[in-house]
Amino acid sequence: MHEILSKLDGGDRRSIGRSNEVVAEVLADPGLFDAVFSGLLSASPIIRMRSADAIEKISARRPEHLLPYKNLLVERISRSDQKEVRWHVAQMLPRIEWTRDERQQVLGVLLDYLNDTSSIVKTFAMQALADLARQAPEMRPAARVHLRDLTVRGTPAMKSRGRKLLDEMESPSEVPENPPGLS
């Protein structure tokens with residue numbers, strides 16, 4: 001195990017441990033990103049969870065770090081049955097520029113997440129679906145249908161997020177002149 005992953009080990013799933021320390025190290029030395037990403041494949045649920053947390057935080061500032069892993073992220077990591085990994089993956093997926101075909105695969109992942117047992121996973125998937133629809137206007141009708149459904153039948157947090165996302169999608173300022181990711 002890489003030394004940086006040892007910083008993500010120990011304790012229990014109620015804590016992010018030293019995840020923020022790992023984020024700072026990777027932002028200072030991007031060469032460490034590979035090692036942290038490998039933590040998503042660890043046998044340890046603690047390391048997987050904290051790696052997902054760190055990678056999500058890193059990718060919020062440096063989304064390009066995800067590019068070499070985009071296929072692995074969609075085809076394997078997103079299929080994790082660990083809710084903490086799934087909710088972080090939902091946050092990461094819209095940060096990547098996808099081709100039209102890849103977006104369909106990402107859409108499939110997000111729709112699967114909308115049926116998760118975890119309301120946190122569902123809520124992050126709702127946000128990701130709206131974010132993806134911003135990049136790809138052809139996905140807006142499907143996104144609206146799913147968001148409306150969860151705004152009616154979801155938890156209070158999901159209903160609130162759904163209303164906010166639907167309002168944003170209806171806003172005229174929502175449509176960018178040159179939406180990214182329309183390859």
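Annotations
- Number of the condition not met by TYR113 [criteria: (1) surrounded by fewer than 21 Cβ atoms within 10 Å (Cβ to Cβ); (2) assigned by TED's automatic domain parsing to the domain that holds PRO156; (3) not aliphatic (A, V, I, L, M)]: (1)
- Some residue of the range 4-25 being acidic (Asp, Glu), in a loop (DSSP other than H, G, I, E, B) and modelled with pLDDT under 95: yes
- Options GLY162, GLY181; residue that is at pLDDT 90 or above, over 30 Å from ILE46 (Cα atoms) and of a type outside the set (D, E, K, R): GLY162
- In the range 131-154, the residues that are assigned by TED's automatic domain parsing to the domain that holds VAL106 reach residues that are surrounded by 17 or more Cβ atoms within 10 Å (Cβ to Cβ) and outside any helix (DSSP H, G or I) with C-beta atoms within less than 7 angstrom, at least six apart or across chains, in these pairs: HIS146/LEU114; LEU150/LEU114.
- Counted as qualifying within the range 36-107 are the helices (runs of 4 or more DSSP H) with 2 or more residues that are over 25 Å from ASP12 (Cα atoms) and not basic (Lys, Arg), namely 70-75.
- Screening THR151 on (1) surrounded by fewer than 18 Cβ atoms within 10 Å (Cβ to Cβ); (2) β-branched (Val, Ile, Thr); (3) in a helix (DSSP H, G or I) shows it passes everything except condition (1).
- Single residue of LEU8, LEU40 found to be buried (at least 18 other Cβ atoms within 10 Å of the Cβ), of a type in the set (A, V, I, L, M, F, W, C) and more than 19 Å from the chain's Cα centre (by Cα): LEU8
- Qualifying positions in the range 46-97 - closer than 20 Å to GLY108 by Cβ and basic (Lys, Arg): LYS70, ARG76, ARG79, LYS83, ARG86, ARG95
- Any hit, the range 82-90, residues being charged (D, E, K, R), closer than 25 Å to ALA142 by Cα and not assigned by TED's automatic domain parsing to the domain that holds LEU147: yes
- Within the range 43-69, the set of residues being among the basic types (Lys, Arg), more than 13 Å from SER80 (Cβ to Cβ) and buried (at least 18 other Cβ atoms within 10 Å of the Cβ) comprises ARG50, LYS57.
The values are calculated or read from the model by the stated rules, or taken from the named source; none is laboratory data. Computed from a prediction, not measured in an experiment: that's the story for all the values here. Cβ coordinates were reconstructed from backbone atoms using ideal geometry, including for glycine residues, and neighbour counts include every protein chain displayed.
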